[in-house]
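Colleague: Got a structure for you, written out below as structure tokens; questions coming shortly.
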Amino acid sequence: MIPSKDGYFALYTNSDGRSVRSRPVIAWDDAGDALVVGSHGLKTAGSIAGFSGVTRHAVPLVAAVPGGGWFVDCTDEDGNSWTDRVVAWGIQADGTARPITTDPDGNTGDPTESVAKYRIYHSGDSGVDEGREWPAPAAPSP
């Protein structure tokens, strides 16, 4: 067994086929399979229902802040679309933020990791980004 120390995560799709959750990879077994914490110790990631792959988060998550009314529209490779509420923002060590959503079982994950495309917006937005007129910058003072 080789310890995992480089920010790898096993990704899982819930039975609804839309929600994505992740578990940190704790180690790699002798066959090279990812090991995650299961209900009775370490298990291979692929032995847990919904396993869809392994990804690497190169920058560690160091904090979380409330979602604040943000949503994410997701579309999978088959063209299925859905909207999830961002329950929190995961703040990474480099200062970037990742949206965190949850499924009905309370499992959390970044919905942008395994979808074909996504759009993040605030509930106060009209939802249309094209053609929005932004105020012109103020002229510099003489």
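The values are calculated or read from the model by the stated rules, or taken from the named source; none is laboratory data. What you are looking at is a predicted structure, and each value in this text was computed from that prediction instead of being measured. Using ideal geometry, Cβ is built from the backbone for each residue, glycine included, and neighbour counts are taken over all protein chains shown.
Colleague: Can you pull out the residues in the range 7-34 that are more than 20 Å from Leu61 (Cβ to Cβ) and not in a loop (DSSP other than H, G, I, E, B)?
Modeller: Thr13, Trp28 - these are the residues of the range 7-34 that are more than 20 Å from Leu61 (Cβ to Cβ) and not in a loop (DSSP other than H, G, I, E, B).
Colleague: All but one of (1) surrounded by fewer than 18 Cβ atoms within 10 Å (Cβ to Cβ); (2) in contact with a His (Cβ under 8 Å, 6 or more places away or on another chain) hold for Ser39; which doesn't?
Modeller: (2)
Colleague: Something else: I need the full set of residues from the range 109-137 which are assigned to a loop (DSSP other than H, G, I, E, B) and either modelled with pLDDT of 50 or more or surrounded by 10 or more Cβ atoms within 10 Å (Cβ to Cβ) (or both), in order please.
Modeller: Asp110, Pro111, Thr112, Glu113, Ser114, Val115, Ala116, Ser123, Gly124, Asp125, Ser126, Gly127
Colleague: Restrict the check to the range 63-83 and report whether at least one residue is of a type in the set (Gly, Ala, Ser), touching a helix residue (DSSP H, G or I) at 6+ places or on another chain (Cβ under 9 Å) and farther than 24 Å from Gly124 by Cα.
Modeller: Within the range 63-83, the first condition is being of a type in the set (Gly, Ala, Ser), and the residues that meet it are 63-64, 67-69, 79, 81.
Those left that are additionally touching a helix residue (DSSP H, G or I) at 6+ places or on another chain (Cβ under 9 Å): none.
Checking the range 63-83: not a single residue is of a type in the set (Gly, Ala, Ser), touching a helix residue (DSSP H, G or I) at 6+ places or on another chain (Cβ under 9 Å) and farther than 24 Å from Gly124 by Cα.
Colleague: Please find, among Asp6, Asp33, the residue that is touching a Gly at 6+ places or on another chain (Cβ under 8 Å) and not aromatic (Phe, Trp, Tyr).
Modeller: Going through Asp6, Asp33 in turn, just one is touching a Gly at 6+ places or on another chain (Cβ under 8 Å) and not aromatic (Phe, Trp, Tyr): Asp33.
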